[in-house]
Amino acid sequence: MSATTISVAAPADFHVHLRQGSFSELVTSHVRLGGFSLAYVMPNLQPPIVNTEEALLYKAQLQAIDPTIEYLMTLYLSPDLTPDEIRKAKQSGVKSYPRGVTTNSEGGIESYEVYYPIFEAMEEQDMVLNLHGEVPSDPTSNTCVLNAEATFLPHLVKLHKRFPKLRIVLEHATTRAAVECVKSLGSTVACTITAHHLDLVVDDWAGQSWNFCKPVAKFPDDRQALREVIKEGHPRFFFGSDSAPHPPDRKSVSSPKQACAAGVYTSPILLPLVATLLESFGALDKLEHFVSGFGRAFYGRPAADERVTLRKTLHKFVEDSWALGDATVVPFWAGKQIGWEIVSE
């Protein structure tokens with residue numbers, strides 16, 4: 001390592017959306033473009049991935065696009081999922097979406113107790129439960145997007161107490177409350193942090209649809225908590241991009257009947273973006289642990305043999321868009337200067 005170059009073990013993205021059809025053809029290739037070699041793929045397609053056969057078919061489709069990436073597949077927690085299916089899936093993770101809180105979550109859960117047999121089977125199989133840590137908005141309880149994560153945390157504590165050996169990942173944390181909660185729990189509970197939540201606060205998405213995602217970015221102190229835990233080098237906090245592409249007309253346009261899509265797309269600039277952000281708050285020395293080491297260790301994946309080199313730059317700007325056929329996507333930080341670039345081997 002020097003002042004102008006960084007070499008890290010090949011990064012792993014433990015939360016990414018690769019979509020379907022022609023859109024998937026475009027965005028799947030961006031995993032490698034962004035410097036990553038492992039993709040933990042979310043199951044909220046239309047229809048969602050609910051069994052092993054569907055997960056293997058989806059994996060084969062992704063491998064046909066880019067066979068150089070290691071794809072780890074997940075199943076959508078739903079009433080169709082059974083303990084027998086969990087035993088069959090073995091290496092897959094299971095993703096829980098509360099009903100209606102994010103893209104394609106209309107079939108999400110409303111109560112965890114009915115899934116206890118699933119969680120028991122997952123504990124036996126040493127599978128990972130990924131939690132979208134929000135509760136649905138509810139005016140009767142004063143719940144909205146700004147406190148939905150904090151309101152969810154008692155559910156995380158209860159699940160961990162009931163299933164202490166179950167590996168649980170609280171996905172895309174956005175609050176100091178979430179950081180403190182995860183730190184207070186046992187070694188089987190971890191947390192992913194996105195790149196965009198290290199950058200954004202409420203003011204950045206209020207009125208700016210391109211920065212709107214769920215969970216929404218919160219207050220400056222919440223962002224500071226995310227930065228602090230990375231700078232601390234806590235081993236149960238690691239990277240998951242939640243890179244979520246949408247067609248530009250779904251992001252840039254809303255109407256009285258249709259809100260803009262929730263999701264920030266970071267895949268094609270991912271490693272340079274994370275390096276730029278960590279450097280901005282004095283945590284560049286934690287880059288390798290954050291994007292490669294800690295996540296692989298928690299998920300029981302071997303350390304990467306491959307390495308990726310970044311070079312400091314003053315002349316790199318993020319592309320305005322990427323396109324393939326009739327599919328187009330606009331990235332986070334479009335047109336903005338970025339401080340690092342991947343060195344071609």
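Restricting attention to region 260-283, report how many residues are of a type in the set (A, V, I, L, M) and open to solvent by 40 Å² or more (accessible area, probe 1.4 Å). Write out each step before concluding.
Taking region 260-283 and keeping what is of a type in the set (A, V, I, L, M), we get 261-262, 264, 269-271, 273-275, 277-278, 283.
Among the residues that remain, those that are also open to solvent by 40 Å² or more (accessible area, probe 1.4 Å) are: none.
The number of residues fulfilling the criteria is 0.
Here is a check on your reading of the model: is Arg236 open to solvent by 10 Å² or more (accessible area, probe 1.4 Å), charged (D, E, K, R) and touching a strand residue (DSSP E or B) at 6+ places or on another chain (Cβ under 6 Å)? Yes.
Among residues of region 298-345 being over 22 Å from the mean Cα position of the chain (by Cα) and either on the phi > 0 side of the Ramachandran plot or of a type in the set (Phe, Trp, Tyr) (or both), the one that is most open to solvent (accessible area, probe 1.4 Å) is Phe317. Of the strands (runs of 3 or more DSSP E) that lie entirely inside region 1-44, those containing 3 or more residues that are buried (at least 22 other Cβ atoms within 10 Å of the Cβ) span 12-16, 38-41. If only residues of region 45-61 that are in contact (Cβ under 8 Å) with a residue 24 or more places away in the chain and not in a helix (DSSP H, G or I) are counted, the one that is surrounded by the most Cβ atoms within 10 Å (Cβ to Cβ) is Ile49. The single condition among (1) open to solvent by 10 Å² or more (accessible area, probe 1.4 Å); (2) assigned to a loop (DSSP other than H, G, I, E, B); (3) of a type outside the set (S, T, N, Q) that Pro245 does not satisfy is (1). In region 248-259, the residues that are polar (S, T, N, Q) reach residues that are assigned to a helix (DSSP H, G or I) and open to solvent by 70 Å² or more (accessible area, probe 1.4 Å) with C-beta atoms within less than 9 angstrom, at least six apart or across chains, in these pairs: Ser252/Trp210; Gln258/Arg250. Within region 62-95, if we keep just the residues that are free of Cβ contacts under 8 Å to residues at least 40 places away in the same chain and among the aliphatic types (A, V, I, L, M), the residue that is farthest from Met122 (Cα to Cα) turns out to be Ala64. Looking across region 62-76, the residues that are in contact with a Gly (Cβ under 9 Å, 6 or more places away or on another chain) and open to solvent by 10 Å² or more (accessible area, probe 1.4 Å) come down to Leu72, Met73. Provide a single number: the residues in region 95-135 that are polar (S, T, N, Q), within 28 Å of Val216 (Cα to Cα), touching a Lys or Arg at 6+ places or on another chain (Cβ under 7 Å) and at pLDDT 90 or above. Matching residues across region 95-135 total 1. Residues that are more than 11 Å from Cys260 (Cα to Cα) and either touching a His at 6+ places or on another chain (Cβ under 7 Å) or assigned to a helix (DSSP H, G or I) (or both) were ranked within region 194-213; the one that is most open to solvent (accessible area, probe 1.4 Å) is Asp203.
The values are calculated or read from the model by the stated rules, or taken from the named source; none is laboratory data. Since this is a predicted model, take the numbers as computed values, not measurements. Counting neighbours? That spans all protein chains shown, and the Cβs are built from the backbone with ideal geometry, glycine included. Only protein heavy atoms, including side chains, enter the accessible area calculation; ligands, DNA and RNA are left aside. Shrake-Rupley method; radii C 1.70, N 1.55, O 1.52, S 1.80 Å.
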